[in-house]
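Working notes, beginning with the structure itself.
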Amino acid sequence: MAGDLLIRGARVIDGTGAPWFLGDVRLHAGRIAVIAPSLPADDADILDAGGRYLAPGFIDAHCHDDLMCLREPERVEKAVQGVTTVVVGNCSFSLYPTMPRSAELLRQHFSALLGETTADEVFESFAAYREALHRRGTALNLVSLVGHAALRLAVMGYERRAATAAERATMQTLLAHQLADGAAGLSLGLVYPPSAYADDIEMVALAETVKAHGKLLTAHIRSYEAGLLEATDEFLGILRAADTPGLLSHLQSAGRPNWGAVPRALERLESARRDGLDVSFDMYPYPAGSSYVLQLLPPETLEGGLEGLLAQLRDPDRREALRRLVEEGHPDPGAAQSKIVLIGWNNVRISGTSNPALKHFEGKAMEAAAAEAGITPFDLMARFIEEDAGQTAIVMFQLAEGDLRAACTHPLHMVGSDSLPRPGTKPHPRAFGTFPRVAGRLRRDQGWFALEDAVRRMTSVAAQRFGLHDRGLVRPGMVADVVLFDDDIDDRATFDEPTQLASGVRHVWVAGEAIVADGRSTGLRPGRMLGV
Ligand SMILES: [Zn+2]
């Protein structure tokens, strides 16, 4: 039929992990219509795949592209990696829902993570966010989790205390509305205030709301350091109490003294599954993490938000107390470990600033940058809080290769970039390279997995987890989100040059429309917010 596309002579990787097979694939009306060893042209446009791999479009199971999908609907650096769907709203950060009094709080909260966010970029509801996306159009599909922070800010602001029964009920109602409208689940961020301030009763209550809607609970757990196993158990306990499926975000063990713990965390997940709990995890394929500068502080210091923190820094005694917490650690051994005690200032690199006067620090390690400014690293961090409103992004070199490999090759793993896109900065290269790194370097050069297994981790595993039942596989009847790529697919983004686009992806289709053709973004916007 006219308007159809016939892709001929591809090595088809179907997304299940099964070996590739040679075939022709016909796309019709936005779906995969027929797959066979050889198909007649029958009026279709023909694309000769030349033996390249044809796979389901990659699903980024964990990222923070919420804002950039609004601002840059083409999402070029993602599209040229072969990504067709992104999951946003992670780690407790989503751009909705707000109540009238919380819109400004959420705006500031989101700005800390991803740079200055404007008042019209936070939304009353999932439906309003979806509406804004669809009005602009989007190249990629989105799946959106409700961030716990938005719920708490709406009901309790930054207050560091347990919710009352009435407040819990209000948060549950607010969450239920978003889930009923199509949000994919709830994300906790238990190191990030105000999500970090919730008690078990609140988290279980919210998890029960998730369960009632048949959705997913995800968590940036309370510790990826010395407390990794306890934090894993805490999350499993919440899932168990609510009897609901879960996804543990970016499983890792940070800081040299804690290296080697990932296999034990994986055993915890396996054991929970043997008991019938449906839990899995995502992880990005790099030994460094990224966050905002406020993550270098203990969560309790953010009580009262940025204003409260600035007041602490202005008071010399409290400032000194804060310095000791950051550089010497918490006197209570049960408290969260200080990142700086664990990894040192030199393993923290400044990756993005909002204030142009601080921009020259981007790409530099904290020690070198502080020396250049003639101050201590702590005082430089304080400057980022005072002069950049805490909106400074950092990259932290903190993981062991063995742990990373154990996570990224485990059967329960799916690929999520955890990208924190911020144009004009020097972000973590995972935003530009995650998927080609998995399909290329780690598979081909380092032998971490077979290509079919790499593709499975980037497609069907996430599709299944997020309930995308007509995506994530190359199979007749599925939506035609597909990618055609070369064997030499490569991530070119490095920590020093983090914004180099990936290479080796030839064509990417979303619902049968090409968003990448011959390696370049076409500007088309056939994507949409998924979920009902
Ligand atoms: Zn996170």
(request) Using a 10 Å cut-off on Cβ atoms, rank the peptides 140-146, 355-361, 197-203 from the highest mean neighbour count down. (result) 140-146, 197-203, 355-361
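Kirkwood Rh and Cα-based Rg: tell me the resulting Rg over Rh for segment 12-65, rounded to two decimals.
Ratio of gyration radius to Kirkwood radius: 1.03.
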(request) Please give the per residue accessible area of the chain, computed with a probe of 1.4 Å over protein heavy atoms only, in Å². (result) 35
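Show me 207-220, 52-65 ranked by packing, highest mean number of other Cβ atoms within 10 Å first. Could you put the intermediate results ahead of the total?
Values: 207-220: 22.4, 52-65: 27.9.
Highest-to-lowest ranking by the protection proxy: 52-65, 207-220.
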(request) Putting +1 on Lys and Arg Cβ atoms and -1 on Asp and Glu Cβ atoms, find which of L302, A369, V279 reaches farthest to the positive end of the dipole of segment 235-369. (result) A369
(request) Largest first and to the nearest Å, give the Cα extent of segment 182-233 along each principal axis. (result) 35, 17, 16
(request) Putting +1 on Lys and Arg Cβ atoms and -1 on Asp and Glu Cβ atoms, find which of H28, T218, V395 reaches farthest to the positive end of the dipole of the chain. (result) H28
(request) Return the percentage of antiparallel bridges among DSSP beta bridges fully within the chain, rounded to the nearest 5 %. (result) 55
(request) Compute the separation of the alpha-carbon centres of segment 114-187 and segment 465-532 and state it in Å as a whole number. (result) 27
(message) 7 Å from Cα along Cα→Cβ at both I375 and S38: what's the point-to-point distance in nm?
(response) 7.2
(request) Please state, rounded to one decimal and in Å, the Kirkwood hydrodynamic radius that the chain gives when every pair of distinct Cα atoms enters the mean of 1/r. (result) 23.3
(request) Compute from the Cα atoms of segment 342-404 the Rg and the Dmax, the latter being the longest Cα-Cα distance, and quote both in angstrom. (result) 12.1, 39
(message) When the expected Rg is taken as 2.2 N^0.38 Å, what fraction or multiple of it is the alpha-carbon Rg of segment 334-439?
(response) 1.22
(request) Subtracting the Cα-Cα distance from 0.36 nm times the residue separation, let me have the gained length for V532 to D48 in nm, one decimal. (result) 170.6 nm
(message) For segment 83-132, take N as its residue count and report Rg(C-alpha) divided by 2.2 N^0.38 Å.
(response) 1.13
(request) Report, in debye and to the nearest 20, how large the dipole of segment 103-242 comes out about its Cα centre when Lys and Arg carry +1 and Asp and Glu carry -1 on their Cβ. (result) 280
(message) What is the percent carbon and sulfur in the accessible area of segment 1-138, measuring with a 1.4 Å probe over the protein chains and ignoring ligands?
(response) 54
(request) Just name one of L186, A132, L151: the one whose Cα is farthest towards the positive end of the charge dipole of segment 123-227 (beta-carbon charges, Lys/Arg +1, Asp/Glu -1). (result) A132
(message) Need the C-alpha centroid separation for segment 415-449 versus segment 366-410, integer Å.
(response) 19
(message) Can you tell me what share of the DSSP beta bridges in segment 401-529 is antiparallel? A percent to the nearest 5 is fine.
(response) 100
(request) On each of the three principal axes of the Cα atoms of segment 442-492, give max minus min coordinate, whole Å, ordered largest first. (result) 33, 21, 19
(request) Please list 245-253, 428-436 highest first by mean number of surrounding beta-carbon atoms within 10 Å per residue. (result) 428-436, 245-253
(request) Amide H neighbours of G472 under 5 Å, at least 5 residues apart or on other chains, H built in the peptide plane: list them. (result) G57
(request) Give the Kirkwood hydrodynamic radius (Å, one decimal) of segment 78-161, defined as one over the mean of 1/r across all pairs of different Cα atoms. (result) 13.4
(message) Using the Cα centre of segment 63-171 as the reference point, and only Cβ charges (+1 on K/R, -1 on D/E), how large is the resulting charge dipole? Debye, rounded to the nearest 20.
(response) 300
(request) Measure of size requested: the Rg and Dmax of segment 121-225, with Cα atoms as the atom set and Å as the unit; please supply both. (result) 13.9, 42
(request) Could you tell me the accessible area of R107 in Å² (1.4 Å probe, neighbours in place), rounded to the nearest ten? (result) 40
(message) Could you compute how much accessible surface D275 exposes when probed at 1.4 Å, giving the result in Å² to the nearest 10?
(response) 120
(request) Calculate the dipole size of segment 311-350 relative to its Cα centre from +1 charges on Lys and Arg beta carbons and -1 charges on Asp and Glu beta carbons; express the result in debye to the nearest 20. (result) 220
(message) How large is the Rg to Rh ratio of segment 177-324 when both quantities use alpha carbon positions and Rh follows Kirkwood?
(response) 1.02
(message) Could you give the length gained by full extension between Q500 and R318, i.e. 0.36 nm per residue of separation minus their alpha carbon distance, to one decimal place?
(response) 61.3 nm
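The values are calculated or read from the model by the stated rules, or taken from the named source; none is laboratory data. Note that the structure is a prediction, hence the values are computed from the model and not measured. A quick note on method: Cβ atoms are made from the backbone with ideal geometry, for glycine too, and the neighbour counts reach across all protein chains shown. Each accessible area value is taken on the protein alone, full model and side chains, heavy atoms only, with ligands, DNA and RNA left out. Shrake-Rupley method; radii C 1.70, N 1.55, O 1.52, S 1.80 Å.
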